[in-house]
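The structure appears below as C-alpha cells.
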Amino acid sequence: MKLYELFGKRKTVFSCEVFPPKKNDPIDSIYKTLDGLKDIRPDFISVTFGAGGSQVNQTTRDIAALIENQYHIPAMAHLTCVAAGKEDVDRLLADLKADGVENVLALRGDVNPDYPPKTDFKYASELVSYIRARGDFGVSAACYPEGHLESPDLVSDIRHLKEKVDAGAQHLVSQLFFDNEDFFRFLERCRIAGISVPIEAGIMPVLSARSIQRMVSMCGASLPAKLTRILARYGDHPDALREAGIAYAIDQISDLIAGGVDGIHLYTMNNPDVARQIAGSISSIRKV
Ligand code: FAD
C-alpha cells in the first residue's frame with residue numbers, strides 16, 4: 001500500500017518513527033520497540049537512515065522489511081542522498097522492492113565531516129524525481145514548519161518545498177515543533193502555495209531536558225514559554241518531566257486533530273511505553 005492512500009478518510013493518520021539500534025547494539029534490540037508498537041497499530045512505521053550522515057548500510061532496509069513482513073504494518077524506509085549515490089539508490093530500491101517495502105522518505109540528509117558526501121543529487125527534490133521514475137514506490141518528503149535551518153527565509157523554503165512536491169513527493173512529514181500555531185501557519189502557507197498533498201505533524205514528547213536541548217539546537221525548533229516553564233520546573237526530576245512531557249504531547253496532538261491535521265507522526269525515540277501511553281490517550285480523539 002502507498003501511504004498517501006491512507007489519507008482523506010475520516011480518521012486522522014497516526015504513524016510512528018523508529019531508528020536502527022546504535023552501532024554496537026544487536027539488531028535484535030529493535031524487537032522490543034516493535035513488539036511494544038504493534039499493539040497500538042500505527043498506520044505505518046518509518047525507519048530512519050544513517051542519521052548524522054553515516055554511510056549506506058542495510059539496517060534501515062532490514063528493519064523496514066521486518067515491520068512490513070513480520071509485524072504486517074506498512075513501513076517507510078528513510079533514504080538520504082548525501083549518503084547514497086545513484087548506484088546505492090538503485091540497489092536499495094531493488095532490495096526494498098524484493099522485501100515488499102513500498103514506501104520511501106526521500107531526504108537530502110546532513111553532511112557528516114567524517115564521511116565525504118555523495119554528489120549525484122544536490123537536493124531531496126532530485127532524489128524524489130529519481131525514485132518516482134524508477135519503479136512503483138510511494139515517495140514522501142520532509143518539511144519544516146519553522147523553516148529549514150539553512151533557508152534564508154520561509155518564502156524560499158516553501159518555494160523549494162513546492163518544487164519537491166512537483167517533483168513527485170506524495171506526502172510530507174514535518175520536523176518536530178512545540179507550538180501548534182507555527183504548524184497551522186505553515187499549513188496555511190503550503191495550501192496558498194498550491195501544496196495539496198497530505199502533511200503529517202511531527203511530534204516529539206519531551207522526556208529529558210538534555211536531549212530536547214540537543215534536538216532543538218540541531219533542528220532549530222523554538223521552545224514556547226509553556227514548555228520552557230515545564231523544563232525549568234521539572235528538568236531535574238525525570239519522573240515529573242516525563243509526566244509533564246507526555247501531557248504536553250497529548251495536548252498538542254488533540255489540538256492538532258481538532259484543527260483538522262492530516263496525520264500525526266510520533267518520534268518515538270524507540271520508547272514504546274511512551275508511544276503506547278500517548279496513543280491510548282488519543283484513541284477516541286483520532287476517530288472523530
Ligand atoms: P531538502 O529538501 O533538499 O532541503 C534542504 C535545504 O535546501 C532547505 O533549506 C531547502 O529550502 C533548500 N533547497 C531545496 N531545494 C533548493 C534549490 N533548488 N535551491 C536552493 N535551495 C534549495 N536525516 C537523516 O540523516 N536521516 C533520516 O532518517 C532523517 N529523517 C528525517 C525525517 C524527517 C521527518 C525530517 C523532517 C528530517 C529528517 N532528517 C533525517 C533530517 C534531514 O535530512 C535534514 O533536515 C536535512 O538538512 C534536509 O533534508 P531535506 O530532505 O529536507 O532537504
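The values are calculated or read from the model by the stated rules, or taken from the named source; none is laboratory data. Since the structure is predicted, the reported quantities are computational estimates derived from the model, not experimental observations. FYI the Cβ positions are ideal-geometry reconstructions off the backbone, even for glycines, and counts take in every protein chain you see.
The table below gives the values:
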quantity	calculated
Residues of region 111-158 satisfying the condition of being in a loop (DSSP other than H, G, I, E, B), near the ligand (Cβ under 8 Å from one of its atoms) and touching a Ser or Thr at 6+ places or on another chain (Cβ under 8 Å)	TYR144
Qualifying residue in region 24-36 (condition: away from the ligand (no atom under 16 Å from the Cβ), part of a helix (DSSP H, G or I), modelled with pLDDT under 90 and not acidic (Asp, Glu))	yes
Pairs, first more than 17 Å from LEU93 (Cα to Cα) in region 45-70, second at pLDDT below 90, C-beta under 6 Å, six or more apart	GLY52/ASN112; GLY53/VAL111; GLY53/ASN112; GLY53/TYR115
Residue check for GLY52: modelled with pLDDT under 95, within 12 Å of the ligand (Cβ to nearest atom), outside any strand (DSSP E or B) and among the small types (Gly, Ala, Ser)	yes
Hey, ILE285 farther than 23 Å from GLY8 by Cα and assigned to a helix (DSSP H, G or I) or not	no
Qualifying positions in region 244-274 - over 24 Å from GLU181 (Cβ atoms) and not in a helix (DSSP H, G or I)	THR268, MET269, ASN270, ASN271
Test result for GLN277, assigned to a helix (DSSP H, G or I), polar (S, T, N, Q) and in contact (Cβ under 8 Å) with a residue 12 or more places away in the chain	yes
Matching entry among TYR267, TYR234 (being aromatic (Phe, Trp, Tyr) and within 22 Å of LEU37 (Cα to Cα))	TYR267
Complete set of residues in region 149-180 that are in contact with a helix residue (DSSP H, G or I) (Cβ under 6 Å, 6 or more places away or on another chain) and free of Cβ contacts under 8 Å to residues at least 60 places away in the same chain	SER151, ILE158, GLU163, LYS164, ALA167, GLY168, GLN175, PHE177
Enumeration of residues in region 200-243 that are assigned to a helix (DSSP H, G or I), within 25 Å of GLU188 (Cα to Cα) and within 17 Å of the chain's Cα centre (by Cα)	VAL216, CYS219
Filter result for THR12 (within 12 Å of the ligand (Cβ to nearest atom) and either of a type in the set (A, V, I, L, M) or crowded, with 17+ Cβ neighbours inside 10 Å (or both))	no
First in region 185-204 and in contact (Cβ under 8 Å) with a residue 60 or more places away in the chain, second anywhere and aromatic (Phe, Trp, Tyr) and in a helix (DSSP H, G or I), Cβ under 8 Å, 6 or more apart	VAL197/TYR4; PRO198/TYR4; ALA201/PHE183
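A quick yes/no check of all residues on (1) more than 18 Å from the chain's Cα centre (by Cα); (2) of a type outside the set (A, V, I, L, M); (3) within 8 Å of the ligand (Cβ to nearest atom); (4) not in a strand (DSSP E or B):
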site	(1), (2), (3), (4)
LEU161	no, no, yes, yes
LEU172	no, no, no, no
GLU181	yes, yes, no, yes
LEU187	no, no, no, yes
ARG191	yes, yes, no, yes
GLY194	yes, yes, no, yes
VAL197	no, no, no, yes
